[in-house]
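Enquirer: Mind having a look at this structure? Questions to follow.
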Amino acid sequence: MEVIDRIKKLSIWIFLVPVIVLNSCLFISVNYHIFENTIFVVDQIGRSGFTIPYIDGSLSISRAARTYPTYLIFKPGMIITAVLLIQYWRANNKLFQKLENNQQNKYFVFFGVGSALFLIIHSIFLGITFEADLYKFLRRFVLLGFIIFEIIAQALLVIKLVKIKKQIDEFINKKILTIKVFLVSVLIIVAISVAPILNSTEYTHFKHALEWNYFLGVVTFYLLTFMFWKNKKNPVHTPEGA
């Protein structure tokens, strides 16, 4: 079915674009000396010594992405990712409408599209300096909104897939579905477990390492989606009258 091919294509790009963008920002921050004497001289705040932030947490995503010239990559990259996310969740809704005889699945679409809109807002305002408590609160609220909406959307989609797995059994990789369930469960447990320390001024390196790895976990969901559907022609039969 054409909609499944579309979901597969969207999902692999949703994985690749942010991974490439964010690690490009990391590369620029660590190798800032390459850009000396060019129009892309790296801002002092965005410069870093050698680090593997997924392990040592010496550099935050915000610091790596919010200064010149990395924001020239990060902002459009995240906006492109958000547009792809909107298309992805709408495509999944279209698929379930075919599978469930046009029954609406507005909840995971609401949270999925909502997470994409939060990502767009966050990307636009990242790096803008405005010393106001309300602004700082809204910036954190938007980022938190993206994470919460994204995880809820992923969880709701996985639940739906588990419910209909017998119906689509021959067209999916059941092992990948199990991994998706495990991944989303871990993301939820981690989010709940670390919530008390996120607003503290301590554990800075831990929080930085966590955000890099959590980001990777969130986008890995889409890599698994790409691997989830088998390459078959007409994998889903549309119910009569659909």
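The values are calculated or read from the model by the stated rules, or taken from the named source; none is laboratory data. Values in this document were obtained by computation on a predicted structure and should not be read as measured data. Please note: Cβ atoms are built from the backbone with ideal geometry, for glycine as well, and neighbour counts cover all protein chains shown.
Enquirer: Just need a number here: residues in region 164-193 that are in a loop (DSSP other than H, G, I, E, B), under 16 Å from M227 (Cα atoms) and touching a residue at least 40 places away in the same chain (Cβ under 8 Å).
Expert: Narrowing region 164-193 to residues in a loop (DSSP other than H, G, I, E, B): 164-168, 173.
With under 16 Å from M227 (Cα atoms) added as a condition, the list becomes 165, 168, 173.
Then keep just the ones that are touching a residue at least 40 places away in the same chain (Cβ under 8 Å); that gives 168, 173.
Count: 2.
Enquirer: Suppose the filter is at pLDDT below 90 and farther than 26 Å from M227 by Cα; does F130 pass it?
Expert: yes
Enquirer: With R63, R6 as the choices, which residue is within 18 Å of T225 (Cβ to Cβ), under 23 Å from the mean Cα position of the chain (by Cα) and not hydroxyl-bearing (S, T, Y)? Spell out how you get there, then give the answer.
Expert: Details: R63 fails: within 18 Å of T225 (Cβ to Cβ).
Residue meeting the stated conditions: R6.
Enquirer: Show the residue pairs meeting these rules: Cβ distance below 6 Å; 6+ apart or different chains; first residue within region 58-82 and more than 18 Å from S48 (Cβ to Cβ); second residue surrounded by 17 or more Cβ atoms within 10 Å (Cβ to Cβ) and among the charged types (D, E, K, R).
Expert: Between residues of region 58-82 that are more than 18 Å from S48 (Cβ to Cβ) and residues that are surrounded by 17 or more Cβ atoms within 10 Å (Cβ to Cβ) and among the charged types (D, E, K, R), there is no close pair.
Enquirer: On to the next question. Hey, among V30, V21, which residue is of a type in the set (V, I, T), within 23 Å of the chain's Cα centre (by Cα) and modelled with pLDDT of 95 or more?
Expert: V21
Enquirer: Between P196, P235, which is modelled with pLDDT under 85, over 25 Å from R63 (Cβ atoms) and not polar (S, T, N, Q)?
Expert: None of the others qualify; the one that does is P235.
Enquirer: Please pick out the residue among I4, I61 that is within 29 Å of Y203 (Cα to Cα) and at pLDDT below 95.
Expert: I61
Enquirer: While we're here: Which one of T225, T220, T178 is in contact with a helix residue (DSSP H, G or I) (Cβ under 6 Å, 6 or more places away or on another chain) and either β-branched (V, I, T) or modelled with pLDDT under 95 (or both)?
Expert: T225
Enquirer: Pick out the one residue from L138, L144, L161, L156 that is part of a helix (DSSP H, G or I), surrounded by 13 or more Cβ atoms within 10 Å (Cβ to Cβ), modelled with pLDDT of 85 or more and out of contact with any helix residue (DSSP H, G or I) (no Cβ under 8 Å at 6 or more places or on another chain).
Expert: None of the other options fit; the residue is L144.
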